[in-house]
Amino acid sequence: MRIRPMILMPAVLGFIGCGEKPSTPDRMVITPDSGSYSRPAYSVDSLQLAFVAQLNGKASIWTAGIDGKNAKQVSPASTWAWDPRWSPDSRSIAYLSDAAAPPDVWVVPAGGGEARRLTSDPGLEFNEAWSPDGSRLLYSGNRSGQFQVYSVPVGGGTPDTLLTGPGNIIARWSPDGSRLLYNQIEGEKTTIWLMTLAGRVRRQLTTEGRESATEWSRDGRKVLYTSSRTGTTDIWIMPADSGAPRQLTQDIRNDWNPTFSPDGAWVAFVSDRGGQQDVWIVADTGGEAIRVTDDPGLETDLVWTPDGKGVTFTYAAGVSQIWSAPAEGGEARQLTAATKGSGNPQVSPDGQSIAFVSDRAGNRDVYVMPITGGEPRRLTTNPRDDFAPQWSPDGQRIAFVSSRGSDDDIYEVPAAGGTEVQLTSLAGDESDPRWSPDGSTLVFTARFQSGLGDLWTVPAAGGSPVRVSRMGTVFSPNWRPDGKAIAFVSQGGAAQGESRVFVIPAGGGRARQVTSEGYSGNAEWAPDGARMAITLHTGKSFDVAVMNADGTDLRKFGTEEAWEILPSWSPDGATIAFQSRAQGNWDIALLNPSSGDIRFLTTTPEDEGNLRWTPDGKTLVYDLTNPTTQLVTVGVEKLLSR
């Protein structure tokens, strides 16, 4: 069953600060934390950035400082607006819009104001470009199956037809405005031509028939283009006046989207030569290409920063968002919407709210939002990371882990907002807080600098933590439903790389081992406390297993080849939800432990995880890695000096 996404939460525009990624030098995200963004364009005076913002199902033109701050919408609301182009004096922006369908060329003041419709033909307009003196706009059009290139006065007037052809024509002004560089499509062949506007004299520059993506150097002496004459797409350069073409890149994978640096000495381009789509640069004289980015996302729309020290591009990447799906199957709903990550959802005891973690404000904080979707409410605001939220049984408080001290400690905060209270301050990292069923106590794990740690409890009202176990290494504690015992996982007594499930009295005492083979993890009590579901690895993969609370009658479910992990019981104990890789990525599957029947709740190309049941057992809430786009700038100054 393929789920159909439906976004519930309206996008809220708010710009963020810098966010570094270790694999990329001087990386900076320069777009807001909601929506999708593309087509970056720097103003000629190097002071502003224009881009397309897609929000609430519509796209419009926005401007901001080159650091992404002080953003504002400059084009009026329409179904779609795209392809912003700055005027030479940086005072106006030309763009395409279907505000008065079909798409036409519009011009709007860069500071905002009334937009003017410059073309009104019945066909489609595209590839608009300012003349160097700012007096005219060049654009392409499609009229009755024929493609034309037009020039129209910016102040309004009758367009002048410059070129006509049977295929898509993409034309570019020369830097001095005296010539046009364009692609000519004839049948299956695409060649590059030059036209001198005085006299409309045309000259063919290439003859191979597989060239495209032309660009002038700023001095007008060189032409940059791509060619697939060798079987793969490579980047070529040639003199604009006379001379032989020269191949800049050569690889068994494809290179495309080339663009000159401001000084013309370097060419940035996109390539999949590293096994994924990344940004590369190469000297205009040729030589070894240098990799700029190394990310699993997709980079497009390359432009150099005005100072030539960086490259800005559109980056499409997967971030975790929170979704819900009916347990019986049906339409899934997206509950959060942001280019920054949201995850680790925790459903409130009354089923009305979700606590979750998001880095939309620049670092990880705890947020609360209605389970039906809506505006999230930020619950923690410390500049350090807060994460791993857990609702108290009465739904009045939320415990969480914070790195705001010298190490990770456990805090709690009223779910309605208010003063945060620190509960632990051991000389190590505390994690995995879990409320006792009566809400009086929290169990947690602590790991010290020696690498060893154990199970501890602390009164929810505050007080001294008490050490419960002495196993050396423990994780994943879970209270038995009656609150009298705690299940946990430990490597104590197991072979290297293995772990076992143990049960210990809540007040401390002797821990009883209940599994004896392979790797056991994630012990989850059934609602009746008589059974456990665990993750078990005894062969080629991880499986979901169910056993009695004392470890007897252990049964494995799933397939030997695929991974099945992180089981979670439904409130009535009749179903176990878990994560499965049987379809090639992480999906959510449902197991009937009585019959052994398994059915998939999701089968999407993305990964689902961190699943949580609502108290009525009708819905599962989970994380989903959902691609969005944002604008990213990456510094290349150090690479250029190599």
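The values are calculated or read from the model by the stated rules, or taken from the named source; none is laboratory data. All values reported here derive from a predicted model rather than from experimental measurement. Cβ atoms come from the backbone with ideal geometry, glycine included; neighbour counts cover every protein chain shown. When the accessible area is computed, the model is the full protein with side chains, heavy atoms only, and any ligands, DNA or RNA have been set aside. Shrake-Rupley method; radii C 1.70, N 1.55, O 1.52, S 1.80 Å.
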Residue check, Pro481 open to solvent by 30 Å² or more (accessible area, probe 1.4 Å), in contact with a strand residue (DSSP E or B) (Cβ under 7 Å, 6 or more places away or on another chain) and either outside any strand (DSSP E or B) or under 19 Å from Ser520 (Cα atoms) (or both): yes
If I go through the stretch 241-257 residue by residue, how many of them are open to solvent by 60 Å² or more (accessible area, probe 1.4 Å), in a loop (DSSP other than H, G, I, E, B) and within 19 Å of Asp284 (Cα to Cα)? 4
Please enumerate the residues belonging to the stretch 170-189 that are open to solvent by 40 Å² or more (accessible area, probe 1.4 Å), hydrophobic (A, V, I, L, M, F, W, C) and closer than 12 Å to Ser140 by Cα. Ile170
I'm trying to understand the selection: among the residues of the stretch 102-112, which are within 21 Å of Ala64 (Cβ to Cβ) and either part of a strand (DSSP E or B) or without any contact (Cβ under 8 Å) to a residue 24 or more places away in the chain (or both)? Trp106, Val107, Val108, Pro109
Look through the stretch 87-121, keep the residues that are on the phi > 0 side of the Ramachandran plot and open to solvent by less than 40 Å² (accessible area, probe 1.4 Å), and return whichever of them is modelled with the lowest pLDDT. Gly112
Please return the ranges of strands (runs of 3 or more DSSP E) entirely within the stretch 1-63 where 1 or more residues are at pLDDT below 90, closer than 23 Å to Val279 by Cβ and touching a Gly at 6+ places or on another chain (Cβ under 8 Å). 27-29, 48-55
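Among the residues of the stretch 555-574, is there at least one that is closer than 30 Å to Glu299 by Cα, at pLDDT below 90, part of a loop (DSSP other than H, G, I, E, B) and not hydroxyl-bearing (Ser, Thr, Tyr)?
No, that holds for no residue.
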Is there a residue in the stretch 260-279 that is under 30 Å from Arg612 (Cβ atoms), out of contact with any helix residue (DSSP H, G or I) (no Cβ under 8 Å at 6 or more places or on another chain) and either open to solvent by 10 Å² or more (accessible area, probe 1.4 Å) or not in a loop (DSSP other than H, G, I, E, B) (or both)? no
Say we look at the stretch 527-554 and pick out the residues that are in a strand (DSSP E or B) and of a type in the set (S, T, N, Q); which of these is farthest from the chain's Cα centre (by Cα)? Asn548
Pairs please, first residue from the stretch 166-182 and touching a residue at least 60 places away in the same chain (Cβ under 8 Å), second anywhere and small (Gly, Ala, Ser), Cβ atoms under 7 Å, 6+ apart in sequence or on different chains. Ser174/Gly220
Scanning the stretch 190-212 residue by residue, the ones that are open to solvent by less than 40 Å² (accessible area, probe 1.4 Å) and under 36 Å from the mean Cα position of the chain (by Cα) total 2
Strands (runs of 3 or more DSSP E) enclosed by the stretch 577-618 - at least 3 residues per element that are touching a residue at least 60 places away in the same chain (Cβ under 8 Å): 608-613
Can you pull out every residue in the stretch 389-403 that is over 16 Å from Ser358 (Cα atoms), part of a loop (DSSP other than H, G, I, E, B) and free of Cβ contacts under 8 Å to residues at least 60 places away in the same chain? Pro393, Asp394, Gly395, Gln396
Within the stretch 543-557, restricting to residues that are open to solvent by less than 40 Å² (accessible area, probe 1.4 Å) and not acidic (Asp, Glu), the one that is farthest from Arg480 (Cα to Cα) is Phe557
Per-region count, the stretch 561-576, residues under 13 Å from Val544 (Cβ atoms) and free of Cβ contacts under 8 Å to residues at least 24 places away in the same chain: 2
Restricting the stretch 213-240 to residues that are at pLDDT below 90 and not hydroxyl-bearing (Ser, Thr, Tyr), the residue that is least open to solvent (accessible area, probe 1.4 Å): Ala213
Return the residue satisfying two criteria in turn: it lies in the stretch 558-576 and is among the charged types (D, E, K, R) and open to solvent by 60 Å² or more (accessible area, probe 1.4 Å), and of such residues it is nearest to Ala485 (Cα to Cα). Asp572
